[in-house]
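Please read the structure below before turning to the comments.
The values are calculated or read from the model by the stated rules, or taken from the named source; none is laboratory data. None of the values given here were measured: they were computed from a predicted structure. With ideal geometry, Cβ positions are generated from the backbone for all residues, glycine too; neighbour counts draw on all protein chains shown. Side chains are part of the model used for accessible areas, which takes the heavy atoms of the whole protein and leaves out ligands, DNA and RNA. Shrake-Rupley method; radii C 1.70, N 1.55, O 1.52, S 1.80 Å.
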Amino acid sequence: RSAQLVFIDESAMAIASAKLNTKRLFPERFSNCEFRHTDGLIDLPGTAPQLILSNPPFHQQHAVDEQVGRRLLRQSAAALAQGGELWLVANRHLSYKPTLQRHFTAVERRAEDPRFIVWRAVR
């Protein structure tokens, strides 16, 4: 059985880019993809996902604002199936660990470099 992939972003340009890249790089999977231009995971379709991959925004207009990212982390925890995983690529300067620990049963740092941290969080 092939996985259903749902790409979600509030940016129409990001959704258009995801469509073009998926069609170009994975044409055989394109029919299993859905592209949703929406803000967050509030109206996530279908059954609870087993996996969410995210690189949340941290700007609101031109100001640094971690609240958008924290909201997406809370929504991810609520949307995931029990035992499901969130893999998060976050800029190092963002303090997402406390939010992850509050909403997930297990949180671990999987990779990092001077600019980014990759977190794995299990519901």
Could you list, in sequence order, the residues of region 90-104 that are open to solvent by 30 Å² or more (accessible area, probe 1.4 Å) and either among the β-branched types (Val, Ile, Thr) or at pLDDT 95 or above (or both)? 97, 98, 101, 102, 103
Is it the case that residue 78 is aliphatic (A, V, I, L, M), open to solvent by 60 Å² or more (accessible area, probe 1.4 Å), at pLDDT below 95 and closer than 25 Å to residue 38 by Cα? yes
Restricting attention to strands (runs of 3 or more DSSP E) lying wholly within region 18-123, give those where 3 or more residues are touching a Lys or Arg at 6+ places or on another chain (Cβ under 8 Å). 85-91, 106-112, 116-122
